[in-house]
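Engineer: Sending over a structure as structure tokens; questions will come in a sec.
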Amino acid sequence: MGEEVELQEFSRADRTRHREKVRRCLDVFARMLREARFDTDDPMTGLEVELNLVDDRGDPALKNAEALAAIANPEFQTELGQFNIEINVPPAKLREGGLTTFEDSLRGSLNEAESKSSDVGAHMVMIGILPTLAEGHMGVASLSANPRYKLLSEQILNARGEDITISISGPERLETTADSIVPEAACTSTQFHVQTSPDQFAAYWNASQAIAAVQLAVGANSPYLLGKQLWRETRIPLFEQATDTRSEELKAQGVRPRVWFGERWVTSVFDLFEENVRFFPALLPVTEDEDPLEVLESGGTPTLHELRLHNGTIYRWNRPVYDIAAGVPHLRVENRLLAAGPTVADTIANAAFYFGLVRALAEGERPLWSQMSFSAAEENFHVAAQQGVDAQIYWPGVGQVRATELILRRLLPMAREGLDSWGVSAEEGDRLLGIIEQRCLTGVNGAEWFVRRMADRSDMDRYDALRATLLEYRQGMHTNEPVHTWD
């Protein structure tokens, strides 16, 4: 979300011009797909991690500008809230030891950044929602300085026409309102990128949708928000509500939400970009001078700026990405539904499970999505977000099954086969998938550990307990021992 956009106001003419340009970009994109102009020879994978910043007590540290200045590393970037930063890990090929490369790079960068940011009173925490956030942190003053964020907040609130309502029920219930999109900043994620050819894109996206629930069940890591114990992966309902541009009347009319699981299996990457253009008005109708058709016909690679900017304001949990590297365009699936952490080892284990399983399913003989309704996949997704390791989900050929049992019996062997196809070594794959296996056997992921430790502190003031548990979590995070091994 870090692209620079100047603070500005948009006229009706700006919106009309932008709509026409987006549709022109879409036409050029369709032609590029027909003419097979994409880099598909040796697919890369990628990783981004969003982080929270806390002070010595465990409270949010609204210091991302100071922290980034101290870190002075271009891999680290600003994020929506002043208590967030993001690290972009360089892409890698899995057959060249990419998972271990990701792990070593992420751990090294975080250790170095922590040593520098701590000098300005900001410590990094990998967790889906910072549990010590309070109502006072939810105002527009907590937005980062990048004008894009204030502009995006204004556009969402203007489109909605009223304050944002957050209503989430779990073991406890939260009801609150916000006059900005800062609640979205509470949701920090890990994003896995898998490059694919246009021909295979639909299979990789459909497979990513089908396995979203099991990813959440085993990787949940955000059980608290504003002092309340809610869903095991509270980021899911919070993000859905925090960026909802629809009034209650528009919801009743069936208007699609901007944070969207989707509504059908797809047959092409074009389906997703076309839906984005057809269903969603622009939030940031910024128009560039480039004529994409002219660039294409002259032998160049169009940036498709308007289409990409529009795509970046529609928050699919598995998002299609058009990008350019060394002048050559490529396509990626961005899997963005998991929280970071608790440790680097846990995060890379989640990556190994995703990359392996998505490849096995995408390249399998009989597509899983031909045996499963899309609505079942969506229901699984929200059940897993709510219940975490205890979730019971539907799976073709099995029926209702505990997600952890499904992972142990069926999906881990499939993920291993997928990693083999990527060229991942047996030692590397077994080590990382072993972390997923042990989470399933022990029933402990980040969310479960946090809830249990909070139960041990049930006699304390709630926020004192959250601070104490978060500081204990930070200690475990720095050991880099997977969360299922923490006492």
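The values are calculated or read from the model by the stated rules, or taken from the named source; none is laboratory data. For clarity, every value in this text was computed on a predicted model and none was experimentally measured. As a convention, Cβ positions derive from the backbone with ideal geometry for all residues, glycine included, and neighbour counts pool all protein chains shown. The accessibility values were calculated without ligands, DNA or RNA, using every heavy atom of the protein model including side chains. Shrake-Rupley method; radii C 1.70, N 1.55, O 1.52, S 1.80 Å.
Engineer: With +1 on each Lys and Arg Cβ and -1 on each Asp and Glu Cβ, and nothing else charged, work out how big the dipole of the range 225-366 is about its Cα centre, in Debye to the nearest 20.
Structural biologist: Approximately 880 debye in magnitude.
Engineer: Add -39500 (n - 2.57) for each DSSP H run of 4 or more in the chain, then divide by its residues: what number comes out at 222 nm, to the nearest 500 deg cm²/dmol?
Structural biologist: Helices in the chain give a 222 nm mean residue ellipticity of -14500 deg cm²/dmol.
Engineer: Amide H neighbours of A339 under 5 Å, counting only residues 5+ apart in sequence or on other chains, H built in-plane at 1.01 Å?
Structural biologist: T190, N221
Engineer: Sticking with this structure for a sec: Dividing the Cα radius of gyration by the Kirkwood radius, what Rg/Rh value follows for the range 263-343?
Structural biologist: On the Cα set of the range 263-343, Rg over Rh gives 1.01.
Engineer: Can you give the local net charge around V398? Use residues other than it whose beta-carbon is closer than 13 angstrom to its beta-carbon, Lys and Arg +1, Asp and Glu -1.
Structural biologist: Summing Lys/Arg as +1 and Asp/Glu as -1 gives +2.
Engineer: Which number comes out as Rg/Rh for the range 229-376 once both Rg and the Kirkwood Rh are worked out on C-alpha atoms?
Structural biologist: 0.99
Engineer: Pull out a ≥ b ≥ c, the square roots of the eigenvalues of the alpha-carbon gyration tensor of the range 353-451, then state rounded if a/c is under 1.5, prolate if not and a/b is larger than b/c, and oblate in the remaining case.
Structural biologist: Oblate, since a/c reaches 1.5 and b/c is not below a/b.
Engineer: DSSP loop (so not H, G, I, E, B), at most 16 other Cβ within 10 Å: list which GluC sites (Glu not before Pro) in the range 119-210 pass both filters.
Structural biologist: Those satisfying the criteria are E162, E172.
Engineer: What FRET efficiency would be calculated for the residue pair Q371, L250, taking the C-beta separation as r and a Förster radius of 25 Å, to the nearest 0.05?
Structural biologist: 0.15
Engineer: Using a 7 Å offset from the Cα along the Cα-to-Cβ direction at both R409 and R34, what is the distance between the two label points in nm, to one decimal?
Structural biologist: Output for this residue pair reads 4.9 nm.
Engineer: Take the Cα gyration tensor of the range 208-260, multiply each eigenvalue by 5, square-root it, and list the three semi-axes largest first, rounded to whole angstrom.
Structural biologist: With the √(5λ) rule applied to the range 208-260, the semi-axes are 24, 17, 7 Å.
Engineer: Please report, as a whole percent, how much of the solvent-accessible surface of the chain comes from carbon and sulfur atoms (probe radius 1.4 Å).
Structural biologist: Percent of accessible area from carbon and sulfur atoms in the chain: 46.
Engineer: Considering only DSSP beta bridges where both residues belong to the chain, give the percentage that are antiparallel (nearest 5).
Structural biologist: Of those bridges, close to 95 percent are antiparallel.
Engineer: Also: Sum up the charges of everything whose Cβ sits under 12 Å from the Cβ of I211, counting Lys and Arg as +1 and Asp and Glu as -1, but leave I211 out.
Structural biologist: It works out to a net charge of +2.
Engineer: Compute the length gained on full extension between E363 and E96: take 0.36 nm times their separation in residues and subtract their Cα-Cα distance, giving the result in nm to one decimal.
Structural biologist: Net length gain for the segment: 94.1 nm.
Engineer: Roll a 1.4 Å probe over the protein chains and send me the accessible area per residue for the chain in Å².
Structural biologist: So the chain comes to 38 Å² accessible per residue, rounded to a whole number.
Engineer: Can you give the translational diffusion coefficient of the range 181-236 in µm²/s, computed by Stokes-Einstein from the Kirkwood radius over Cα pairs at 25 °C and 0.890 mPa s?
Structural biologist: Value of D from the Cα-based Kirkwood radius: 183 µm²/s.
Engineer: Under a Cβ-only charge scheme (Lys and Arg +1, Asp and Glu -1), can you give me the dipole magnitude of the range 23-127 about the Cα centre, in debye to the nearest 20?
Structural biologist: With only Lys, Arg, Asp and Glu charged at Cβ, the dipole is about 580 debye.
Engineer: Lys/Arg Cβ at +1, Asp/Glu Cβ at -1, dipole of the range 187-277 taken about the Cα centre: which of I211, W265, L226 is farthest positive-ward?
Structural biologist: Positive-most Cα among the choices belongs to L226.
Engineer: Using r as the Cβ-Cβ distance of S298 and A69, and R0 as 41 Å, what FRET efficiency do you calculate, to the nearest 0.05?
Structural biologist: That pair, S298 with A69, gives E of 0.50.
Engineer: From the Cα gyration tensor of the range 114-177, with a ≥ b ≥ c the square roots of its eigenvalues, which class applies: rounded if a/c is under 1.5, or else prolate if a/b is larger than b/c, or else oblate?
Structural biologist: Judged from the Cα gyration tensor, the range 114-177 comes out oblate (a/c at least 1.5, b/c at or above a/b).
Engineer: 7 Å from Cα along Cα→Cβ at both D464 and S115: what's the point-to-point distance in nm?
Structural biologist: 3.6
Engineer: Now, a different point. Quick check: net charge around H123, other residues with Cβ under 14 Å of its Cβ, Lys/Arg +1 and Asp/Glu -1?
Structural biologist: Spelling it out: positives minus negatives among the neighbours equals -3.
Engineer: Applying the Karplus parametrisation 6.51 cos²θ - 1.76 cosθ + 1.60 with θ = phi - 60° to the phi angles of the range 462-478, what ³J(HN,Hα) value in whole Hz is obtained for each residue in order, glycine and proline being reported as x?
Structural biologist: These are the phi-based 3J(HN,Hα) values: 4, 6, 5, 5, 5, 5, 4, 5, 5, 5, 5, 4, 4, 4, x, 4, 6 Hz.
Engineer: Pull out the extension gain between D55 and R17, defined as 0.36 nm times the separation in residues minus the alpha carbon to alpha carbon distance; nm, one decimal.
Structural biologist: Working it through step by step, the gained length comes to 9.1 nm.
Engineer: State to the nearest 20 debye the size of the charge dipole of the chain about its Cα centre, where the only charges are +1 on K and R beta carbons and -1 on D and E beta carbons.
Structural biologist: 1040
Engineer: Okay, next question. From the residues H310, A326, H382, which one has its Cα farthest along the dipole of the chain in the positive direction, the dipole being from +1 and -1 charges on Cβ of Lys/Arg and Asp/Glu about the Cα centre?
Structural biologist: Working it through, the farthest residue towards the positive pole turns out to be H382.
Engineer: Now a separate question. Is the shape of the range 113-236 best called rounded, prolate or oblate, per the rule: a/c under 1.5 gives rounded, else a/b larger than b/c gives prolate, else oblate, with a ≥ b ≥ c the square roots of the Cα gyration tensor eigenvalues?
Structural biologist: Judged from the Cα gyration tensor, the range 113-236 comes out rounded (a/c under 1.5).
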